[in-house]
Structures are given as structure tokens and as C-alpha cells.
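For reference, the structure is listed below as C-alpha cells.
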């Protein structure tokens, strides 16, 4: 990760950029909160060093042209979590997000996820983006629904058997944007 960190997009309150090695401590702290990773199927990083290894080996940007991105607040220039797109094991583009618990219920997930949809459809010309969520994760379901994503199916996801899949097409997204303007 010796290349310069690329800015992806911004919103009124947030900056989304590629991960940097300096994010290792924040990533470790984020994944150390059992409430934050409760519905993810991901284990916590064993150490800051393991988080650094993850970042060093993160190849989604080069491989797919997109990935998960660090979310930084403009007000404090602080790393508050991540949000972004990922080509999943089913070859579908998946929207994901994870924020520090102290940042929950401030609208950051919806704001960042909306920016990711916009970037995915308008900059990357993706045709469809999905979101996967554990049925018990009511807060994340609410975010996907605020984004006008439609329930698609039930399936397993990363060891979580009872997961809900949502999706939105580029056409649906563009209709939503046109209606809101």
C-alpha cells in the first residue's frame, strides 16, 4: 500500500477514501467491539499488526476497481468506520458498512451508503448492487430500505444462515434520484 491514498467521493459530512496503513489501529478497534461485528460473520483482528496485514494484503482496488472505503468525518477528520462495494463470492457487487458504535444513529451509514450507490452506478456503471444483512440486524435493514433497496431473497451469508438479501438496479436508482429532485 505504498501508493497514494485515493479519494473516492464526499458527502456534506463525510469523505470516503481508500484504506491507508495508518487505518490499522482504527480497524482493529472497530472490529474489537463485539456489538459492531455481532451480525457480520467476521472475527475480530487478533492485534493491530493483524489489521495492518489485512490492509497490506487488501487487493480489491486493484482487482475490481473498487472496494470498502474508509469513512472520515469532515468535522473532526476522524476515521469513524468503513463503507463500500465488494465483489462477493457469488460475483455480485455487495454494499457493506461498519461504524464505531459511538457513531450509530447519526445517519452516517445511510449517507455513506448512498454515496457508494451513486459512485457505483454513475462512476463505475454497475448494473446492480446488493446488500446482505442478518435478519436480526434491524438497524442495517433500515439503512438498506432507506436507500430504496428492495428485499430479494433469504439465503446464508458468511455463516449466517438467516440472512436477507436486498438489491437495487441502476435504473431503479436513477428513477429514485430523478423523483427526489
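A short reminder: the numbers here are calculations on the coordinates, not readings from a lab. This one's a predicted model, so the numbers in the text were calculated from it and none came from an experiment. No Cβ is skipped: glycine too gets one built from the backbone with ideal geometry, and neighbour counts run over all protein chains shown.
Values computed for the structure shown
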{"item": "Yes/no for residue 36 being over 19 Å from residue 164 (Cβ atoms), surrounded by 19 or more Cβ atoms within 10 Å (Cβ to Cβ), under 15 Å from the mean Cα position of the chain (by Cα) and without any contact (Cβ under 8 Å) to a residue 60 or more places away in the chain", "result": "no"}
{"item": "Criterion (on the phi < 0 side of the Ramachandran plot, surrounded by fewer than 19 Cβ atoms within 10 Å (Cβ to Cβ), outside any loop (DSSP other than H, G, I, E, B) and touching a strand residue (DSSP E or B) at 6+ places or on another chain (Cβ under 6 Å)) met by exactly one of 50, 102, 86", "result": "86"}
{"item": "Residue count for the stretch 50-79, restricted to those that are touching a residue at least 60 places away in the same chain (Cβ under 8 Å) and farther than 20 Å from residue 132 by Cβ", "result": "3"}
{"item": "Residue check for residue 10: surrounded by fewer than 16 Cβ atoms within 10 Å (Cβ to Cβ) and under 22 Å from residue 93 (Cα atoms)", "result": "yes"}
{"item": "Subset tally (residues that are buried (at least 16 other Cβ atoms within 10 Å of the Cβ) and over 14 Å from the mean Cα position of the chain (by Cα)) for the stretch 21-30", "result": "5"}
{"item": "Residue, farthest from residue 15 (Cα to Cα), within the stretch 64-75, restricted to residues that are outside any strand (DSSP E or B) and more than 14 Å from the chain's Cα centre (by Cα)", "result": "64"}
{"item": "The stretch 1-30 - residue that is without any contact (Cβ under 8 Å) to a residue 24 or more places away in the chain and outside any loop (DSSP other than H, G, I, E, B) and, of those, nearest to residue 65 (Cα to Cα)", "result": "7"}
{"item": "Residue check, residue 94 touching a strand residue (DSSP E or B) at 6+ places or on another chain (Cβ under 7 Å) and either loosely packed, with under 14 Cβ neighbours inside 10 Å or without any contact (Cβ under 8 Å) to a residue 40 or more places away in the chain (or both)", "result": "yes"}
{"item": "Residue match in the stretch 142-156 (condition: surrounded by 18 or more Cβ atoms within 10 Å (Cβ to Cβ), over 12 Å from the mean Cα position of the chain (by Cα) and either farther than 17 Å from residue 42 by Cα or in contact (Cβ under 8 Å) with a residue 60 or more places away in the chain (or both))", "result": "yes"}
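Each row is one residue, and each column tells you yes or no for (1) within 21 Å of residue 61 (Cα to Cα); (2) touching a strand residue (DSSP E or B) at 6+ places or on another chain (Cβ under 8 Å); (3) outside any strand (DSSP E or B).
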| residue | (1), (2), (3) |
| --- | --- |
| 114 | yes, no, yes |
| 119 | yes, yes, yes |
| 122 | yes, no, yes |
| 125 | yes, no, yes |
| 129 | yes, yes, no |
| 133 | no, yes, no |
| 145 | no, yes, yes |
| 174 | no, no, yes |
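Rundown of residues vs (1) in a helix (DSSP H, G or I); (2) on the phi > 0 side of the Ramachandran plot, yes/no style:
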{"site": "62", "(1), (2)": "yes, no"}
{"site": "77", "(1), (2)": "no, yes"}
{"site": "82", "(1), (2)": "no, no"}
{"site": "90", "(1), (2)": "no, no"}
